[in-house]
């Protein structure tokens with residue numbers, strides 16, 4: 001578990017404000033844990049100066065470190081080998097499917113290896129809310145990564161489903177933002193893939209009223225939308 005920096009103050013708020021100022025971040029960009037509360041004072045410490053300790057982890061620094069590691073991984077990934085792995089699998093797999101005239105394209109897009117598939121009557125490869133597609137995507141990621149030092153993040157798109165799903169998730173994010181503001185209660189969404197969670201986070205990252213966080217472990221990781 002990542003450790004943050006410890007800050008002290010006479011009250012919890014004072015310790016937090018001191019930490020935020022020193023780190024140069026806003027409260028919504030911080031993970032705060034109260035270590036010693038002003039409410040927890042023993043009989044023997046009652047005459048001692050009051051000191052409250054809080055631990056603060058900068059989400060900004062976490063994001064920057066994550067991005068740095070991702071850039072490092074991407075620089076060391078042999079995308080040509082990853083594309084070859086996927087193409088070898090796909091060229092044989094599509095021949096076993098009941099659909100005819102299936103076309104696919106494999107290409108690198110930044111940090112991702114993308115696979116676009118098109119054809120008639122491919123809904124069975126998408127499934128309910130993309131559950132079949134998401135499982136296929138996990139399999140393709142494993143195939144793409146075979147023999148490589150890093151996991152190749154792979155995005156599978158079938159008949160433009162990703163664009164449709166992205167639009168519906170953005171509309172959902174806007175709707176839930178209004179609900180949270182109106183009810184003043186947090187909302188926890190159903191488990192989503194990292195790709196889908198990123199869409200929600202990105203849509204609401206500039207919201208002045210709500211904030212988003214992810215909780216839980218894969219594959220059951222969820223987004224919580226809360227008031228700022």
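Laboratory data are not the source of any read-out in this text; all were calculated from the coordinates shown. This structure is a prediction, so every number in the text was calculated from the model and none was measured. In this analysis, Cβ positions are derived from the backbone assuming ideal geometry, glycine residues included, and neighbour counts consider all displayed protein chains.
Here are the numbers for this structure:
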read-out	value
Cut-off 18 Å, label 7 Å out along Cα→Cβ of residue 68, residues of region 1-27 by amide N	1-5, 23-25
Percent of beta bridges antiparallel (DSSP, the chain, rounded to nearest 5)	85 percent
Label point at residue 155 placed 7 Å out along Cα→Cβ; residues across region 171-195 whose backbone nitrogen lies under 16 Å	193-195
Compactness relative to 2.2 N^0.38 Å, alpha carbon Rg of the chain	1.33
Rounded if a/c under 1.5, otherwise prolate or oblate - region 117-180, Cα gyration tensor axes	oblate
Linear extension gain, residue 17 paired with residue 33, 0.36 nm per residue minus alpha-carbon span	4.4 nm
Extension gain from residue 185 to residue 222, taking 0.36 nm per residue of separation minus the Cα-Cα distance	11.7 nm
Theoretical ellipticity at 222 nm over the chain - DSSP helices of four or more residues, -39500 (n - 2.57) apiece, nearest 500	-13500 deg cm²/dmol
Region 86-216 shape via C-alpha gyration tensor axes, a/c threshold 1.5	prolate
Point-to-point label distance, residue 105-residue 55, nm (Cα→Cβ direction, 7 Å offset)	4.8 nm
Order of 153, 68, 221, 165 - criterion: other Cβ atoms within 10 Å of each residue's Cβ, fewest first	68, 221, 165, 153
4 °C / 1.567 mPa s Stokes-Einstein diffusion coefficient of region 77-159, Kirkwood radius on C-alpha pairs, µm²/s	100 µm²/s
Rh (Kirkwood; distinct C-alpha pairs) - region 164-227, Å	11.6 Å
Burial ordering of 56, 32, fewest other beta-carbon atoms within 10 Å first	32, 56
Label-point gap, in nm, between residue 112 and residue 205 - each point 7 angstrom along Cα→Cβ	1.4 nm
